[in-house]
Amino acid sequence: MRFESTEIEGLVIIHTKKFNDERGYFFESFHKAKFEEFLGFSVDFVQENESQSLKNVIRGLHFQNTPYAQGKLVRVPFGKVMDVVVDIRKNSPTYGKHFSIELSDENGIQLWIPSGFAHGFVSLVDKSILTYKCTNYYNRESEGAILWNDLNLAINWLVETPIISEKDQIATEFSKFATQF
């Protein structure tokens, strides 16, 4: 595993190494001691989620407010997505900035997203599976969403005809969003 900091503080790219042979492959997808050594603090994952999405499906931009805020370790065991996060930490120098990265079963890249970020992704192939470990449990009352195509964020989702849930179509515009982070 190789850890790479990004231009947005706290956001970490994790490169894994696959060992391929005629039977298939093996790779270490998580190593708590190495992960925590790089971060400099302890992380306790309490829930793991998985979603399957068809090509052009956009999910997001979602987050949970405190006291149920979640850090997430995201990976794609099948397919290919463009993963997107938006910094919603009001005192951050990168508040309102977004970061995107391709995650796929081919590249094995994972993304650590600390609490204080809105998260979303778009499936770039016919079928993608995204999994993420969470540092807190899901809580419906604390969930929030920012409009995926907000002009202020200017995210290029790489698709012309996105498939969006009704809930994500009516999410809050970033200019009207009041962060709790």
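Just so it is clear, none of the values below were taken in a lab; they were calculated from the coordinates. These numbers come from a predicted model, not from an experiment. Reconstructed Cβ throughout: ideal geometry from the backbone, glycine too, with neighbour counts over all protein chains shown.
So the values come out like this:
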{"read-out": "Failed criterion for F3 (all others in (1) surrounded by fewer than 13 Cβ atoms within 10 Å (Cβ to Cβ); (2) touching a helix residue (DSSP H, G or I) at 6+ places or on another chain (Cβ under 8 Å); (3) farther than 30 Å from A178 by Cβ hold)", "value": "(1)"}
{"read-out": "Criterion (among the small types (G, A, S), in a strand (DSSP E or B), out of contact with any Phe, Trp or Tyr (no Cβ under 7 Å at 6 or more places or on another chain) and within 17 Å of E143 (Cβ to Cβ)) met by exactly one of S51, S100", "value": "S51"}
{"read-out": "Within segment 6-48, considering residues that are hydrophobic (A, V, I, L, M, F, W, C) and in a loop (DSSP other than H, G, I, E, B), the one surrounded by the fewest Cβ atoms within 10 Å (Cβ to Cβ)", "value": "F41"}
{"read-out": "Test: residue in segment 96-107 that is crowded, with 16+ Cβ neighbours inside 10 Å, closer than 22 Å to T16 by Cβ, within 12 Å of the chain's Cα centre (by Cα) and among the aromatic types (F, W, Y)", "value": "yes"}
{"read-out": "Filtered residue count, segment 117-168, keeping only those that are within 28 Å of V43 (Cβ to Cβ), assigned to a strand (DSSP E or B) and in contact (Cβ under 8 Å) with a residue 60 or more places away in the chain", "value": "16"}
{"read-out": "Residues satisfying the stated conditions in segment 65-97, i.e. over 19 Å from I129 (Cβ atoms), charged (D, E, K, R) and part of a strand (DSSP E or B)", "value": "D87"}
{"read-out": "Some residue of segment 155-168 being farther than 21 Å from I14 by Cβ and within 15 Å of the chain's Cα centre (by Cα)", "value": "yes"}
